[in-house]
Each structure stands twice: as C-alpha cells, then as structure tokens.
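Shown next, in structure tokens, is the structure this report addresses.
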Amino acid sequence: FRQPGGSQEIIKPFGGGVTSYTVTDQDFGKTISTRGATGAQTITMPAPGPYEGEWIEVFTVAATGPTIKAAAAAQFVCFNDATASSVAITTSARIIGQGCQLKSDGTSWLFKVYPGSNLTTLAAGFVVA
C-alpha cells in the first residue's frame, strides 16, 4: 500500500526491547527505522520469489546496527557476492545514518547501499555473510 501524495510510511518496530522483525508483504514500499532500539536488531526478509519488483528500505538511527537476514541461504546479491545470506551494519563509527534498499528480482533480494558522500567509506560499515 503506497501512500498518496508521494509520502512513505516509516516502520519503527524496535522500541520496548523488541530485537527482531520479520518483513511481511504489508511492509513493501516502506522504510524500517531502527529508532528506539537499545541493542542489536535482526530484520528477516521473506523469500524473494513471490515479490518480484517489491522493495523495502532500512535506515539506521540507533547506535547498534541491524543484521538483515534472508529467509533461506544465498538469497541476497550484494558487494561482489551473488549468494549472501545476511548483511550486518556493524562498524561502530559508521552505523547511525546508514541506509539500504532491498528489491526482489524474483530470485534474490538485490541489496543496494544508499551512500552519503563516499561509497567506499559507507560500504566499509557493512559485513556480508
């Protein structure tokens, strides 16, 4: 469900001690914010197959970064890795203000970093596994 007028809904699932969130089909076209998180977070993506063309963004606000996991092994394409299973934002000096988009091509989630001013510096904050 896209918002009229070009606005985009922000999901803030990590308040009150919540540490994990599973993306559903109701979340596509929205941004997940880590605002309110007090510890590490885990965001789990569904299988990409049924969702070709759908996307979701993740933006880090908390000082502890999220790990974004695929529903099954080898469902992410990112950083010279066509079979990644997770991406973690872990470099302490590079967590707040990081952003990324995951878009399904029907086979994988295509992981794209939103660089600020320097892709090399920002990409160094992501760990692919």
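The values are calculated or read from the model by the stated rules, or taken from the named source; none is laboratory data. Being a predicted model, the structure only gives us computed values, none of them experimental. Every residue, glycine as well, gets a Cβ built from its backbone with ideal geometry; the counts of neighbours run over all protein chains shown. SASA here: full protein model, heavy atoms, side chains in, ligands and nucleic acids out. Shrake-Rupley method; radii C 1.70, N 1.55, O 1.52, S 1.80 Å.
Tabulated data for the structure shown
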item: Matching residues in segment 41-71 - criterion: being farther than 17 Å from S85 by Cβ, of a type outside the set (D, E) and open to solvent by 60 Å² or more (accessible area, probe 1.4 Å); result: P50, F59, A63
item: Residue in segment 79-95 that is modelled with pLDDT of 90 or more, open to solvent by 70 Å² or more (accessible area, probe 1.4 Å) and in a strand (DSSP E or B) present; result: yes
item: Residue selected from segment 32-61 under the condition of a type in the set (A, V, I, L, M), closer than 14 Å to I11 by Cα and part of a loop (DSSP other than H, G, I, E, B), by the criterion nearest to the chain's Cα centre (by Cα); result: V61
item: Residues satisfying the stated conditions in segment 30-40, i.e. open to solvent by 40 Å² or more (accessible area, probe 1.4 Å) and either β-branched (V, I, T) or free of Cβ contacts under 8 Å to residues at least 24 places away in the same chain (or both); result: T38
item: Residue under evaluation E54, criteria (1) in contact with a Phe, Trp or Tyr (Cβ under 8 Å, 6 or more places away or on another chain); (2) free of Cβ contacts under 8 Å to residues at least 24 places away in the same chain, criterion not met; result: (2)
item: Close pairs from segment 17-29: first open to solvent by 70 Å² or more (accessible area, probe 1.4 Å), partner of a type in the set (G, A, S) and in a loop (DSSP other than H, G, I, E, B), Cβ under 9 Å, at least 6 apart; result: T19/A37; T19/G39; T19/A40; T22/A71
